[in-house]
Amino acid sequence: MIPTAFDYQRATSIDDALAKLQASDGGKLIAGGHSLVPLMKLRLSEPTALIDVARIPGLAGIREKDGAIEIGAGTTHHDVAASALLRQSCPLVADTAAEIGDPQVRNRGTLGGSLAHADPAADYPAAMLAVDAELHLKGPKGWRKVKASDFFQGLFTVDLAPDEMIVGVQFKPVRAAAYAKLHQRASHFAIVGVASAVEVKAGVIQWARIGLTGAGTHATRLTAVEQALAGKPATKQSLEAAAALATLDEVNSDIHASETYRRAMIPVFTRRALEGALARA
Ligand SMILES: Cc1cc2nc3c(=O)[nH]c(=O)nc-3n(C[C@H](O)[C@H](O)[C@H](O)COP(=O)(O)OP(=O)(O)OC[C@H]3O[C@@H](n4cnc5c(N)ncnc54)[C@H](O)[C@@H]3O)c2cc1C
């Protein structure tokens with residue numbers, strides 16, 4: 001289908017994008033366009049204007065600052081996957097980006113677009129939960145910081161006002177972290193995706209953070225598994241026992257996988273993600 005008519009403007013800075021968004025009366029930001037354009041073609045989204053943020057100087061990039069990693073919202077999945085800094089200090093995030101779609105999607109799609117869109121099967125949300133990322137948002141009232149665990153609230157629903165923009169994310173790098181994903185063959189979206197991060201000291205798991213995507217309406221932490229792991233020896237038996245607790249109240253069912261199949265896969269991919277994280281501890 002052909003989208004409804006819209007105006008197109010290119011933003012030159014974050015403040016310019018916010019000003020254009022406010023002036024547009026029903027406009028939307030566009031970054032890679034890989035989620036928004038398909039919605040517009042189906043007329044599920046009919047923005048009056050597209051404000052292009054893809055070429056805002058400084059909105060893309062990955063850097064280390066005061067022991068934390070910052071990734072700009074405009075950073076493409078390809079650049080996250082290829083980042084030497086992330087590969088060295090927090091390979092989970094680079095691995096997750098490398099799992100997204102195909103080279104075309106990874107070359108255009110951005111971190112900010114993926115987090116704002118919050119597809120229930122998107123990969124990044126699980127990783128952002130596992131590294132306990134903080135999202136940096138800017139709007140007409142100024143800056144706001146939101147924890148990933150508070151950001152994802154429901155089906156395509158996040159803590160982001162229509163006049164706000166994601167500028168970037170920040171997190172403390174965790175080396176002992178991994179992503180395990182059962183992907184849908186055609187699009188590569190997650191049927192079940194689990195990102196886990198652990199800290200091990202003297203053979204004992206100090207804490208674990210686990211983000212699940214693909215299975216429910218939105219990405220969520222598997223807190224029962226996290227609690228079951230804290231204080232346990234870092235052994236295969238501990239992982240298996242804790243992973244067996246991995247579940248959700250409401251699980252998706254669609255043409256790609258039934259609820260029963262997804263329910264069966266949640267503990268399997270939780271265990272695999274934990275094994276991957278422990279192998280890096
Ligand atoms: C064939 C195909 C396969 C895919 N496979 C996967 C996959 O395996 N895993 C996966 O996770 N994703 C997958 N995707 C989705 C892909 O990762 C998208 O690129 C991503 O979800 C959206 O990023 P974008 O930059 O393209 O955003 P856009 O499409 O430009 O925008 C998406 C939404 O985010 C908003 N937005 C964009 N930037 C910002 C910002 N900085 N601040 C606030 N709001 C913003 C827009 O207004 C819009 O509402 C796939 C997409 C396609 C087309």
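What to note about this one:
- Charged side chains reduced to their Cβ positions (Lys and Arg at +1, Asp and Glu at -1) give segment 107-188 a dipole of some 240 debye around its Cα centre.
- Cα shape, segment 174-255, gyration tensor, a/c 1.5 rule: prolate
- Cα→Cβ-extended label distance, 7 Å offset, between Ser13 and Lys65, nm: 1.7 nm
- Between segment 168-232 and segment 235-281, the Cα center-to-center distance that results, in Å: 10 Å
- Per residue, the chain reaches -9000 deg cm²/dmol at 222 nm when only DSSP H runs of four or more residues are counted, each adding -39500 (n - 2.57).
- The string of couplings for segment 140-145 from the Karplus curve (6.51, -1.76, 1.60, θ = phi - 60°) is x, 8, x, 8, 9, 10 Hz, one whole number per residue in order, with x for Gly and Pro.
- Cα lying deepest toward the dipole's positive end in segment 1-160, options Pro57, Phe156, Thr4, charges on Cβ: Thr4
- Sequence-distant contacts, meaning Cα pairs under 8 Å at least 6 residues apart, place the relative contact order of the chain at 15 percent.
- A straight chain from Ser258 to Asp150 at 0.36 nm per residue would run longer than the Cα-Cα distance by 36.1 nm.
- For the chain, the share of DSSP beta bridges that are antiparallel, to the nearest 5, is 85%.
- For the chain, accessible area per residue (1.4 Å probe, heavy atoms of protein chains only), Å²: 46 Å²
- When the Cα positions of Ile14, Thr270, Gly168 are compared along the charge dipole of the chain, Thr270 comes out farthest toward the positive end, with charges on each C-beta of Lys, Arg, Asp and Glu.
- Distant alpha-carbon pairs in the chain (separation over 23 angstrom), percent: 52 percent
- Under the convention that each Lys and Arg Cβ holds +1 and each Asp and Glu Cβ holds -1, the size of the dipole of the chain around its Cα centre is about 620 debye.
- With Cα atoms, 0 to 90° folded angle of helix 14-24 axis to the chain main axis: 60 degrees
The values are calculated or read from the model by the stated rules, or taken from the named source; none is laboratory data. Note that the structure is a prediction, hence the values are computed from the model and not measured. Please note: Cβ atoms are built from the backbone with ideal geometry, for glycine as well, and neighbour counts cover all protein chains shown. Note: areas computed on protein heavy atoms with side chains; ligands, DNA, RNA excluded. Shrake-Rupley method; radii C 1.70, N 1.55, O 1.52, S 1.80 Å.
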